[in-house]
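Remarks on the structure that follows.
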Amino acid sequence: MIDKNYDDLSVRQQCLLLGLNRSSLYYEPVNCTSDSILRNQINDLWMKIPSYGYRRICAHLKRDGIEVNRKRVQRLMQEAGLEAIYQKPKMSVGNKEHVIYPYLLRGLIINRPNQVWVTDITYIKMPRGFVYLMAIMDVFSRKVIAWDVGNSMDLNFCLPILEKALKIGTPDIFNTDQGSQFTSTPWINMVQEVNVQVSMDGKGRWADNIPIERFWRTVKWEHLFLCSNETIGEVHASIAAFIAFYNVERVHQSLDYNTPEEVYTGIKSAKPVILGLTKADAANKPVANSHNPNKGGKNG
């Protein structure tokens, strides 16, 4: 409608004749991505690089040509419960008097159920305060073997969950962080009494125990943030229903779209898992063979 190359009338005169504001002629629309689209983009990026916080997520999105600011990315990540995976303060407080065991999983080919189990504790925000969720997971199948919710994370909360898991199966290796619960004598004794090797994350190495970290993300993103639980009883019932769905019905891309229960019981197969390797590790260190190939635990 406006011809900037028209010699007989200037752009200003053309705008006056048409009743247009001249500034609108030079307006360039901003690339405004809706929250729902941006939330999915953030989620996809975080799933690829879970060590990214909102600053690096924002920088990465800008490199991809998406106009966004850090405050918006931070808000959407907080709403979704996404945060960079790293050693959290006060969740795993060590005891200097306890023995720290070496990390046994770096470069290990995990290719069957009950070869390696991992465990961790996370917190769930409540209307008033928070509660703790502990889960024990089989690394190869991603099946949650045992779990519980409580208002503390002391040894009296953790040991019954371990006892429940060991009635279901026995792993070759059990990996934990260096929290005082998992380095305590009662915990170590219960693990070693059934001939299970103890493994512990390296200090500050979030990648050493990433399967359980990804499960925390799943249970919060896909379930807890969609619910409104007022009491610890409601939280327990809600998580029980989700974990039953997670184990038996929810397909996993990393399991070739099979369920954890199918892979754990051997009905379906899955690709081997290798944990604890940084890029430098992968480049400089040969991958180890799988450990104790003749041992499969009670369900091996």
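The numbered conditions (1) open to solvent by less than 20 Å² (accessible area, probe 1.4 Å); (2) closer than 17 Å to F174 by Cα; (3) modelled with pLDDT under 90 are all true for V235 except (2). Against the definition (open to solvent by 20 Å² or more (accessible area, probe 1.4 Å) and assigned to a helix (DSSP H, G or I)), how does E213 come out, yes or no? In short, yes. Filtered by the rule that a residue be among the hydrophobic types (A, V, I, L, M, F, W, C) and open to solvent by 20 Å² or more (accessible area, probe 1.4 Å), segment 128-153 gives F130, W147, M153. Considering (1) crowded, with 17+ Cβ neighbours inside 10 Å; (2) without any contact (Cβ under 8 Å) to a residue 40 or more places away in the chain; (3) not in a helix (DSSP H, G or I), the lone condition that G169 does not fulfil carries the number (2). Looking only at residues of segment 164-198 that are closer than 20 Å to V144 by Cα and acidic (D, E), we find that the one that is modelled with the lowest pLDDT is D177. Test G297 against the criterion of being at pLDDT below 50, open to solvent by less than 90 Å² (accessible area, probe 1.4 Å) and either among the basic types (K, R) or in contact with a Gly (Cβ under 8 Å, 6 or more places away or on another chain) (or both), and give yes or no. For G297, the condition - at pLDDT below 50, open to solvent by less than 90 Å² (accessible area, probe 1.4 Å) and either among the basic types (K, R) or in contact with a Gly (Cβ under 8 Å, 6 or more places away or on another chain) (or both) - is met. Applying the condition of being in contact (Cβ under 8 Å) with a residue 12 or more places away in the chain and not in a helix (DSSP H, G or I) to segment 238-261 and asking which residue is surrounded by the most Cβ atoms within 10 Å (Cβ to Cβ) yields T259.
Quick check on segment 199-206. Is at least one of its residues of a type outside the set (S, T, Y), under 22 Å from the mean Cα position of the chain (by Cα) and modelled with pLDDT of 85 or more? Checked against the condition, which is being of a type outside the set (S, T, Y), under 22 Å from the mean Cα position of the chain (by Cα) and modelled with pLDDT of 85 or more, segment 199-206 yields at least one hit. Look at segment 23-45: where a residue is part of a loop (DSSP other than H, G, I, E, B) and a partner is open to solvent by 70 Å² or more (accessible area, probe 1.4 Å) and modelled with pLDDT of 60 or more, sitting 6+ places away or on another chain with Cβ atoms under 7 Å, you get V30/E67; N31/E67.
Of all the residues in segment 59-73, those that are in contact (Cβ under 8 Å) with a residue 12 or more places away in the chain and farther than 17 Å from S34 by Cβ number 2.
The criterion of being in a helix (DSSP H, G or I), in contact (Cβ under 8 Å) with a residue 60 or more places away in the chain and over 16 Å from the mean Cα position of the chain (by Cα) does not hold for V219.
The conditions of being modelled with pLDDT of 95 or more, surrounded by 15 or more Cβ atoms within 10 Å (Cβ to Cβ), within 30 Å of N40 (Cβ to Cβ) and touching a helix residue (DSSP H, G or I) at 6+ places or on another chain (Cβ under 7 Å) are met by V118.
The values are calculated or read from the model by the stated rules, or taken from the named source; none is laboratory data. Quantities reported herein were computed from a predicted structural model and do not represent experimental measurements. Neighbour counts are summed over all protein chains in view; Cβ atoms, including those assigned to glycine, are modelled from backbone coordinates with ideal geometry. Each accessible area value is taken on the protein alone, full model and side chains, heavy atoms only, with ligands, DNA and RNA left out. Shrake-Rupley method; radii C 1.70, N 1.55, O 1.52, S 1.80 Å.
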